[in-house]
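Following: one structure in structure tokens, then a few remarks.
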Amino acid sequence: MGSPELVIICHGFRSSKDRIPMVNLAAAFEKEGISAFRFDFAGNGESEGTFQYGNYRREAEDLRAVVKHFQGEKQCIVAIIGHSKGGNAVLLYASWYNDIQTVVNIAGRYNLKRGIEGRLGKDFQKNIEQNGFIDVKNRRGKIEYRVTKESLMDRLATDMHAACQSIHPSCRVLTVHGTLDEFVPVEDAMEFAKYIPNHKLQIVEGADHEYTSHQEELASIVLDFVMASLYKDKCVSKTSLSCSKTDKLIDSRL
């Protein structure tokens, strides 16, 4: 990892750091001379542990551990970027810690109470109370993952509204969302825009949740936002642990 400037990229729900959107984003930054670090949360991809349906707070703390590691290595972290559930992780991180000035939320979910029935069934509350868990199966009837009562309660207790309002105004946040997202409705992105103090909203016409046919557009939007922030928040030196502001941040709320 040659560059002292670094972006950290988090993936989404039950996906890995090697998914196409994450790989393409990393490549776009590396072309600009900025290192990119992609990692898997516990129970996902190559990481050990058990996958959890909820555990939003734990994943934000996992991100904290990664940030602290690279700060200890004298890296200047210019942005944290999250896709889907990773978008929630970076926003929660920003609501707790004010040490990263640029945050990108790609297709994160604002209302965590929504979307559960579609995955767990209409009687999910009754079933999880009776059994303590629900096994989610694919179309062939094979179990893909288990949702425990504890992890479900964690998701229901995670308040993204409060988190958005807790993000410091000095932190610039970009939300990117596709109009044809099949998992998280585009309305969630508009809710983020209402409550995050220093926010820019970018809606991508025709994009699905994975930006299947919009990879270049996604990379261009995210790269432009982060590079603009980098020019505003210049690193004091290549060995600095933080960035100092050279200009006032622009309030880009839509």
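Observations on the structure shown:
- Of LYS31/LYS74; LYS149/LYS194; LYS68/LYS113, pairs whose Cα-Cα distance is over 23 Å: LYS149/LYS194; LYS68/LYS113
- Note that segment 73-189 presents 45 Å² accessible area per residue, ligands and nucleic acids not counted, probe 1.4 Å.
- When peptides 204-217, 117-130 are ranked by their average number of other Cβ atoms within 10 Å per residue, the highest-first order is 204-217, 117-130.
- Between TYR231 and GLU150, residue separation times 0.36 nm minus the direct Cα-Cα distance comes to 24.8 nm.
- A simple count of charges around THR158, restricted to other residues whose Cβ falls under 12 Å of its Cβ and scoring Lys, Arg +1 and Asp, Glu -1, yields +3.
- Formal net charge of residues neighbouring ILE143 (Cβ-Cβ distance under 9 Å; K, R +1; D, E -1): +1
- Among the chymotrypsin sites (Phe, Trp or Tyr not before Pro) in segment 131-197, none sits in a DSSP loop with a Cβ that has at most 12 other Cβ atoms within 10 Å.
- Per atom type, segment 107-181 shows carbon and sulfur on 44% of its accessible surface, probed at 1.4 Å.
- Here is the list for segment 141-196: GluC sites (Glu not before Pro) lying in DSSP coil, each with at most 16 other C-beta atoms within 10 angstrom of its C-beta, are GLU182.
The values are calculated or read from the model by the stated rules, or taken from the named source; none is laboratory data. Because the structure is a prediction, the values reported are computed rather than measured. All Cβ positions, even for glycine, are placed from backbone atoms using ideal geometry, and neighbour counts span all protein chains on display. All accessible areas refer to the heavy atoms of the entire protein, side chains included, with ligands and DNA or RNA removed. Shrake-Rupley method; radii C 1.70, N 1.55, O 1.52, S 1.80 Å.
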